[in-house]
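For reference, the structure is listed below as structure tokens.
What follows draws every value from the coordinates through simple rules; no lab data is involved. Small disclaimer: the values here were computed from a predicted structure and weren't measured. Neighbour counts run over all protein chains shown; Cβ positions are idealised from the backbone, glycine included.
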């Protein structure tokens, strides 16, 4: 199995201190929609610890978001959804349901109960994880959408130098996806609106370009992009092992860990796959790039660096979530994190950097869908920074659902704003 083929180009992260003054991208004009807003925090009912990356959605619709690393969420529900119910679900927990009554709800605390007592022993083929993976692959075309779809997503990309944020960019994106029995070649992403803040300090400039960008919604959709992970001809590159089963959305899941068992000329992966026991659907993938050979790992993610700069990856990880909707699985959440170290030759000290990009799918439409024109799509020769403007309006997103910023991110926004004044 290959990392990402050399001829496949990802949009690039560019860590830089230039402030772009491009206008907000607007692909369409829509009438405002009345909505209520519900915000709160999700915690473990027993330990009281906060729970991150928890799904928050309205059953029967495609409306949804996810909690941030502080366990906080905010979701906007159109008022036409009278008596809607909010569903809060997370791996290993019983789902919670909150009745909505057409009014805003603030400072809600949701406590999820661990689902440790409802797991039945999974016996069928428990000693044959390869069979389970192959069976789930064979069912992708029936378990995932067979229609053309237009997804709405909220995308955030941040870069840190040490503990300090040096770049924050966000966007609402449209994602056109062909049916899952087709390749990703016609899938496209278009930026609808966005904003950005960049550090003004010259010392924060680092001309390193890594794989990433809003096209994560295409290339990290592991169920559709088979070349990334689920190429049948390359499964033998990995060893598989059954782990303890878990519950996701009150459904039993096989958990299968995998790691490289061969040495080839490019970096492989390790991680865990979650497969729904009843439908044999991939519901979650936790993936890390194998760093046992630093040179191979560097070749897999680094696209450009200044001469004389030494680059060393420390951690490259991916998280992909799917959710069940009307009997089929749909892309729900993607997170990419890269931690790396840089230093210049003939200098004593090195600097640690981290880049995090995440995207949550907040709505899906499968009726009257037309492709995003190529001329309007996000291109491989474009920088995400060129497509967004600065943080100037607290009500910038209007009725769109987003991932709430963490406290540390809000502090960074205020700090970077002061630099520009």
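Of note:
- Computed over the range 136-233: relative contact order in percent, which uses C-alpha pairs under 8 Å that are six or more apart: 25
- Percentage relative contact order, the range 35-112, counting C-alpha pairs under 8 Å, at least six apart: 39
- Annotation: extensible slack from residue 108 through residue 266 equals 52.1 nm (criterion: 0.36 nm per residue apart, minus Cα-Cα distance).
- Scattering from the range 185-295 was approximated by placing one identical point on each alpha carbon and applying the Debye formula without solvent; log10 I(q)/I(0) at 0.14, 0.23 1/Å stands at -0.80, -1.33.
- A P(r) calculated from all alpha carbon pairs of the range 254-390, with 10 Å bins opening at zero, reads 9, 26, 32, 24, 7, 1 percent.
- Ranked list, fewest to most other Cβ atoms within 10 Å of each Cβ, for 274, 73, 35: 35, 274, 73
- Counting DSSP beta bridges with both ends in the range 35-112, the antiparallel % (nearest 5): 75
- Note on residue 98 and residue 244: the extension gain reaches 49.6 nm, defined as 0.36 nm multiplied by sequence separation minus the Cα-Cα distance.
- Taking 234, 170, 399 and counting other C-beta atoms within 10 Å, the order from fewest to most: 399, 234, 170
- Cα point-scatterer Debye curve for the range 146-248, base-10 log of I(q)/I(0) at q = 0.13 Å⁻¹: -0.72
- Hydrodynamic radius of the range 35-112 per Kirkwood, over alpha carbon pairs, in Å: 12.4
- Counting neighbouring Cβ atoms within 10 Å and putting the fewest first, the residues 280, 314 line up as 314, 280.
- Tail weight of P(r) past 15 Å, computed on alpha-carbon pairs of the range 265-337, percent: 62
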